[in-house]
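Single-structure report; data block below.
The values are calculated or read from the model by the stated rules, or taken from the named source; none is laboratory data. Predicted model, so just to flag it, every value in this text is computed and none were measured. Here the Cβ positions follow ideal geometry from the backbone for every residue, glycine too, while neighbour counts run over all protein chains shown.
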Amino acid sequence: MRKLQLTLACGRYDRTQPLIDGRVQPEGVDLTFLPLRPGETFWRMLNYGEFDVSEMSLSSYTILRSEGDTRFTAIPVFPSRVFRHSAIYVRAGSGIEKPEDLKGKRIGVGDYQMTAAVWARGLLMHEHGVAPEDIAWVIGRPIRTIKSPDGIRLQDLPADTTLEAMLERGEIDALVSVMIPSGLGKTVRRLFRDSRKVETEYFKKTGIFPIMHTLVLKTNLYESKPWLAVSFYRAFLRARDLAYQTMYDTDALSVSLPWVIQEVEATREIFGPQIWDYSIEGSLPTLNALVSYLDEQKLTRRRMSVEELFAPNIGAGLADYLRATGED
């Protein structure tokens with residue numbers, strides 16, 4: 001069978017490296033892998049549809065689907081998952097010691113609808129009683145312009161500055177950022193001082209390991225060749241599993257951290273054997289929370305169901321089959 005020539009834009013991660021270097025190839029596909037940063041990937045895919053398959057912001061994708069925009073179809077591959085307690089920063093010496101102190105304050109965020117911000121607002125609301133309406137949000141340079149949700153105060157970032165500079169000068173009180181501010185440890189600190197402890201307790205309590213990104217195919221491509229969803233899903237499973245095999249190898253450490261083996265073992269004690277789950281069922285607490293937060297924060301037109309987000313041929317039956325055959 002002649003292979004399809006397809007382009008995939010996705011980040012360079014340990015769990016995607018086998019796809020980049022060719023150790024793993026989706027069946028039936030002659031793949032060109034473009035290892036791009038997420039912001040560029042999302043911009044080019046959302047605005048110009050430049051790739052056949054791409055990494056995609058899960059919040060942006062869900063919002064589009066709620067608006068009836070079905071250009072893309074996702075599969076339950078989650079290239080980026082990050083706890084976001086550690087992404088909330090305040091000025092050192094600001095007097096802001098706990099999340100409740102953020103009520104009535106100004107918080108900077110690069111993009112109000114970005115997935116990291118959705119998770120940060122969700123945990124502030126559900127774990128600490130700080131609602132989005134309690135805060136004035138200063139917005140940076142969004143990938144996609146949105147209408148301000150009812151009751152939410154959105155303010156544009158002045159053209160001659162940055163959110164990080166505004167935090168340093170005290171012009172905003174806190175910052176939600178996917179990037180670590182350059183002033184961390186000097187003029188800036190995390191709101192949650194022991195963020196790892198807080199995030200571990202949060203996971204044990206909620207079962208939520210926040211998903212940032214998913215993987216999407218162009219819908220017209222998926223509809224004409226639905227087998228591609230299965231092919232890419234299986235390839236990403238194999239690539240992820242190879243990454244863990246490489247990381248958990250004591251012959252010669254593949255990661256430049258002296259206790260990476262102990263770190264893997266300690267993390268499995270918390271998460272179980274499958275840390276980085278690629279399935280709807282295994283990620284259901286996280287997915288249910290995200291669609292709920294998007295609805296509460298008035299970013300989706302309606303409350304989305306998890307099932308309508310993903311290709312129907314990647315469901316429990318396939319996951320069970322892959323587990324039985326040792327592929328998951």
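Each row is one residue, and each column tells you yes or no for (1) within 23 Å of the chain's Cα centre (by Cα); (2) not charged (D, E, K, R).
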position: Ser94; (1), (2): no, yes
position: Lys98; (1), (2): no, no
position: Leu123; (1), (2): yes, yes
position: Ile139; (1), (2): yes, yes
position: Asp150; (1), (2): no, no
position: Ala165; (1), (2): no, yes
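State whether the residues of segment 21-38 include one that is part of a loop (DSSP other than H, G, I, E, B), among the aliphatic types (A, V, I, L, M) and in contact with a Lys or Arg (Cβ under 6 Å, 6 or more places away or on another chain). For segment 21-38, residues part of a loop (DSSP other than H, G, I, E, B), among the aliphatic types (A, V, I, L, M) and in contact with a Lys or Arg (Cβ under 6 Å, 6 or more places away or on another chain): present.
Condition test on Ala311, is it over 15 Å from Ala74 (Cβ atoms), modelled with pLDDT of 95 or more, aliphatic (A, V, I, L, M) and crowded, with 17+ Cβ neighbours inside 10 Å?
no
Of the strands (runs of 3 or more DSSP E) that lie entirely inside segment 108-221, those containing 1 or more residues that are touching a Lys or Arg at 6+ places or on another chain (Cβ under 9 Å) and closer than 30 Å to Thr73 by Cβ span 174-176, 211-218. Scanning segment 113-139 for residues that are farther than 16 Å from Ser292 by Cα, touching a strand residue (DSSP E or B) at 6+ places or on another chain (Cβ under 9 Å) and either charged (D, E, K, R) or modelled with pLDDT of 95 or more (or both) turns up Glu133, Ile135, Ala136, Trp137, Val138.
Which members of segment 134-156 meet the condition of being small (Gly, Ala, Ser) and closer than 24 Å to Asn47 by Cα? Working first, answer last.
Of segment 134-156, the ones small (Gly, Ala, Ser) are 136, 140, 148, 151.
Listed by number, the residues that qualify are Gly140, Ser148.
Scanning segment 232-288 for residues that are assigned to a helix (DSSP H, G or I), free of Cβ contacts under 8 Å to residues at least 12 places away in the same chain and among the small types (Gly, Ala, Ser) returns a single hit, Ala266.
All but one of (1) under 12 Å from Val109 (Cβ atoms); (2) surrounded by 15 or more Cβ atoms within 10 Å (Cβ to Cβ); (3) modelled with pLDDT of 90 or more hold for Pro142, so report the exception by its number. Result: Pro142 fails condition (3) only. Looking only at residues of segment 264-300 that are over 18 Å from Trp119 (Cβ atoms) and loosely packed, with under 14 Cβ neighbours inside 10 Å, we find that the one that is nearest to the chain's Cα centre (by Cα) is Glu281. Applying the criterion of being surrounded by fewer than 24 Cβ atoms within 10 Å (Cβ to Cβ) and hydroxyl-bearing (Ser, Thr, Tyr) to the residues of segment 215-241, the residue that is farthest from Leu19 (Cα to Cα) is Ser224. On the given criteria, is Gln5 outside any strand (DSSP E or B), over 20 Å from Val178 (Cα atoms) and modelled with pLDDT of 95 or more? Spelling it out, it is not the case that Gln5 is outside any strand (DSSP E or B), over 20 Å from Val178 (Cα atoms) and modelled with pLDDT of 95 or more.
Residue-wise test of (1) surrounded by fewer than 23 Cβ atoms within 10 Å (Cβ to Cβ); (2) farther than 30 Å from Lys204 by Cα; (3) not acidic (Asp, Glu).
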| residue | (1), (2), (3) |
| --- | --- |
| Ile75 | no, no, yes |
| Arg81 | yes, no, yes |
| Val118 | no, no, yes |
| Arg121 | no, no, yes |
| His128 | yes, no, yes |
| Asp134 | yes, no, no |
| Ala159 | yes, yes, yes |
| Glu164 | yes, yes, no |
